[in-house]
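This report concerns only the one structure given below.
The values are calculated or read from the model by the stated rules, or taken from the named source; none is laboratory data. Fair warning: this is a prediction, and the values are worked out from it, not measured in the lab. Neighbour counts run over all protein chains shown; Cβ positions are idealised from the backbone, glycine included.
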Amino acid sequence: MNRDIFVIGFMLFALFFGAGNLIYPPTLGIESGTAYWSAIAGFILTGVGLPILAVMAISYVKDDARELAEKVHPLFGVLFTSIIYLAIGPFFGIPRAATVGYEMSIEPIPTIGSSYSSLFIFTTIFFVLVLLVSYNPSKVVDRIGQILTPILLLAIVVLSIGAIFLLEGPLSIPSEKYSTAPFFTGFVEGYLTMDAIAALAFGIIVVNAFKERGLTNQQDIMKSTLKAGIITGIALSTVYAAIGWLGTKMASHGTFTNGGNILSEAANLTFDFYGSIILGIIVTLACFTTSVGLVVAAGQFFSKVTSFSYNMVIIIVTIGSWLIANQGLDTIIAFSVPVLVFIYPIAIVLILLSFTRKLFSDSKGVYRGAILFTALISLYDGLNAFGLSLDGITPIISKLPFFDIGLGWLIPAIIGGLLGALFRKQKI
């Protein structure tokens, strides 16, 4: 079982480590400069800690995110979990992974460049391979954990070590947002990666993987999930710290608009032409493994709540993702980010409630109060992200504590939970 724990831990690392995760730490590194280690510590606390907690929350409830959400209401459980799987699956997460993979690995090639035909060809090949790997979920753990993850980690190690030791240049002075409270700024940046949503989906893969390996006792599954989560957390933290430190080395090499530009330039400066190949391997594998994980998770969930078979679900999800991916990254982000902004705080509150449920005897009143108050604030955030004018209530909501850093829902969630506790003996 120890070997299985390592394999599943590495698989979970690969599922989490999508292209989006690849570009956050270098940006943090170049902006935090001399305050880097405080900033990356805060980033890891939420960027790694919250997703691992989410996976553990799924192992506690024995099945999937629906069982966790059903603590509020059975109908809410089905609807909210379906929205999660659709949002991070075919409507956003999977198409985004494919288009980011294309933009960072294929588009920079001078002889290819940016064109609809090259995007179409790339996404077609990409999703055919995703579908083939996803067909047998019992083998996904071995294919990713034993084969793809070692290749991904090796490529990351080569790029990071090469850049760290070969690139020269002093650390920059921290930017304004990192100058006063670098740890807290990193903490907020890690929270904003929104990986905890994906973790609620990936949890079902981890739990099923241990069940397929003969674990039936719930306590054993929870302990094994915790061990696998620790392995995943160590791997993610190490990689984040390494590529973040790479970012600090790039401060004197130009001005960059995003983490992707930082990595591309670092790869070129360090390994010239071969650097682009190494980065292309990293990005493509990161996007591919994440996409496979999301397709498998969606297949396992929707085959349980609908009359469709697992194979039929993954075919539908893959085709839908392929169609949306060919609309381009900007279109995907414009329509999907508001939905993610809305559901993310609700997901976080559900995760936190699952770990504190013994304090309030798993009361439905607490769940309902906390989720209702959270949803009211996150609905505002989602509509605001969509560009709708909310001038009438903005002056009121903007006065909430922590509103400026995206945590305006926190105090209302606590108040809602406390009010729910007062009525926990009543049937709502």
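Go through region 36-47 and give me each residue that's surrounded by fewer than 24 Cβ atoms within 10 Å (Cβ to Cβ), aliphatic (A, V, I, L, M) and touching a Ser or Thr at 6+ places or on another chain (Cβ under 9 Å). Answer for region 36-47, where residues must be surrounded by fewer than 24 Cβ atoms within 10 Å (Cβ to Cβ), aliphatic (A, V, I, L, M) and touching a Ser or Thr at 6+ places or on another chain (Cβ under 9 Å): just I44. Restricting attention to region 368-389, the residues that are surrounded by 13 or more Cβ atoms within 10 Å (Cβ to Cβ) and within 25 Å of F335 (Cβ to Cβ) add up to 14. The residue pairs whose first member lies in region 308-332 and is more than 15 Å from T99 (Cα to Cα), whose second member is polar (S, T, N, Q), and whose beta carbons are closer than 7 Å, counting only pairs six or more residues apart or on different chains, are S309/S303; Y310/Q300; Y310/S303; V313/S303; I314/S134. Out of curiosity, is K223 more than 21 Å from V157 (Cα to Cα) and free of Cβ contacts under 8 Å to residues at least 24 places away in the same chain? The answer is yes for K223. Summed over region 110-156, the residues that are in contact (Cβ under 8 Å) with a residue 60 or more places away in the chain and of a type in the set (V, I, T) give a count of 10. When each of G93, G47 is tested for being under 30 Å from T180 (Cα atoms) and among the small types (G, A, S), the lone residue that passes is G47. Of the residues that sit in region 226-254 and are touching a residue at least 12 places away in the same chain (Cβ under 8 Å) and not in a helix (DSSP H, G or I), which one is surrounded by the most Cβ atoms within 10 Å (Cβ to Cβ)? Once the filter is applied, the top-ranked residue is K249.
When the residues of region 144-197 are filtered to those that are of a type in the set (D, E, K, R) and under 19 Å from the mean Cα position of the chain (by Cα), which remaining residue is surrounded by the most Cβ atoms within 10 Å (Cβ to Cβ)?
First pass over region 144-197, keeping only residues of a type in the set (D, E, K, R): 168, 176-177, 189, 195.
Restricting the remaining residues to those that are under 19 Å from the mean Cα position of the chain (by Cα) gives 189, 195.
On the way: E189: 24, D195: 26.
Selected residue: D195.
Hey, does region 69-85 have a residue that's crowded, with 22+ Cβ neighbours inside 10 Å, at pLDDT below 90 and of a type in the set (A, V, I, L, M, F, W, C)? No, because not a single residue in region 69-85 is crowded, with 22+ Cβ neighbours inside 10 Å, at pLDDT below 90 and of a type in the set (A, V, I, L, M, F, W, C). Within region 356-403, being free of Cβ contacts under 8 Å to residues at least 40 places away in the same chain and on the phi > 0 side of the Ramachandran plot holds for G387, F402.
When you scan region 199-206, do you find a residue that is touching a residue at least 12 places away in the same chain (Cβ under 8 Å) and surrounded by fewer than 19 Cβ atoms within 10 Å (Cβ to Cβ), even just one? Outline the logic, then answer.
If we filter region 199-206 for residues that are touching a residue at least 12 places away in the same chain (Cβ under 8 Å), which is where we start, we get 199-206.
Adding the requirement that they be surrounded by fewer than 19 Cβ atoms within 10 Å (Cβ to Cβ) leaves none.
No, region 199-206 has no match at all.
Of all residues in region 249-267, those being more than 26 Å from the chain's Cα centre (by Cα) and closer than 11 Å to S105 by Cβ number 0. For region 364-428, the helices (runs of 4 or more DSSP H) that sit wholly inside it and include 3 or more residues that are of a type in the set (A, V, I, L, M, F, W, C) are 364-385, 410-422. Might you let me know whether region 91-98 holds any residue that is in a helix (DSSP H, G or I), assigned by TED's automatic domain parsing to the domain that holds S179, touching a residue at least 12 places away in the same chain (Cβ under 8 Å) and over 30 Å from A375 (Cβ atoms)? The answer is yes; a qualifying residue exists. Annotation for region 127-150: no member residue is aliphatic (A, V, I, L, M) and not in a helix (DSSP H, G or I). With respect to (1) over 25 Å from I314 (Cβ atoms); (2) at pLDDT 80 or above; (3) in a loop (DSSP other than H, G, I, E, B), the lone exception for S118 is condition (3).
Could you say which residue among T270, T289 is in a helix (DSSP H, G or I) and within 21 Å of the chain's Cα centre (by Cα)? Unique residue meeting the criteria: T289.
S224 meets all of the listed conditions (1) hydroxyl-bearing (S, T, Y); (2) modelled with pLDDT of 85 or more; (3) under 16 Å from G244 (Cβ atoms) but one, namely (3).
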